[in-house]
Amino acid sequence: MLYFRTDTQFREWVQTVFIPGTSDAEIERLMQLYPSDVTQGSPFDTRLDNAFTSQFKRISAFQGDAVFQGPRRWMVENKVTTDVWVYGMSNSPLQFRRLHSFLVQHSQ
C-alpha cells in the first residue's frame, strides 16, 4: 500500500485485487467518493500528517470503510432484531471540551 503513488495504481489495485470485476463506472464513482486529496483521507482531520504517500490516506479510508465500517453498518441495519447502541469515536476539539461524552458519540 505504501508504494501506490498515482490514481492509476489505486484504480488498478481496486479492480484487480480488492474488488475484481468492478466496472469502469463503479470505479469512477469510487474515485469520486475517495479523492486523492491527502487532507481528506484516513486518519481524518490530521491534514498532511500520516500522508506517507499521495495515496496512503485514500487507501486507508477506502479499506476502513470496506473492511470495517461497511460490514458493521450493514449488520446493524439488516441483521439486528433488537435495539442496539452503536458507538463512534471523535477527537475533535468541540467533542473534547464536552467531557461528559468521553469522546464517544452515541446513536441508536
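No value in this document is a laboratory result; all are computed from the given coordinates. Bear in mind the structure is a predicted one, so any value in this text is a computation, not a measurement. Please note: Cβ atoms are built from the backbone with ideal geometry, for glycine as well, and neighbour counts cover all protein chains shown.
Shape annotation for the range 32-75: C-alpha extents along the principal axes are 33, 19, 14 Å, from largest to smallest.
Charge tally for PHE56 (other residues, Cβ to Cβ under 14 Å; Lys, Arg +1; Asp, Glu -1): +1. All other residues whose Cβ lies under 15 angstrom from that of GLN32 are scored, Lys and Arg at +1 and Asp and Glu at -1, for a net of -3. Under 5 Å between amide hydrogens, which residues at least 5 positions from GLN55 or on another chain qualify, with H placed 1.01 Å from N in the peptide plane? Result for GLN55 returns nothing. Of the residues LEU30, ALA66, GLN40, the one whose Cα sits farthest toward the positive end of the charge dipole of the range 7-81, with +1 on the Cβ of Lys and Arg and -1 on the Cβ of Asp and Glu, is ALA66.
What's the ranking of 70-83, 24-37, 50-63 by average number of surrounding C-beta atoms within 10 Å, highest first? All intermediate terms of the calculation are to be shown ahead of the outcome.
Working: 70-83: 9.1, 24-37: 13.1, 50-63: 18.6.
Highest to lowest by the protection proxy: 50-63, 24-37, 70-83.
For the range 1-49, which chymotrypsin sites (Phe, Trp or Tyr not before Pro) pass both filters: DSSP loop (anything but H, G, I, E, B) and at most 11 other C-beta atoms within 10 Å?
Details: sites: TYR3, PHE4, PHE10, TRP13, PHE18, PHE44; in loops: TYR3, PHE4, PHE44.
For chymotrypsin sites (Phe, Trp or Tyr not before Pro) across the range 1-49 that sit outside H, G, I, E and B with at most 11 neighbouring Cβ atoms in 10 Å, the list reads TYR3.
Note on the range 7-81: the C-alpha convex hull projects to 5.7 nm² when averaged across all orientations.
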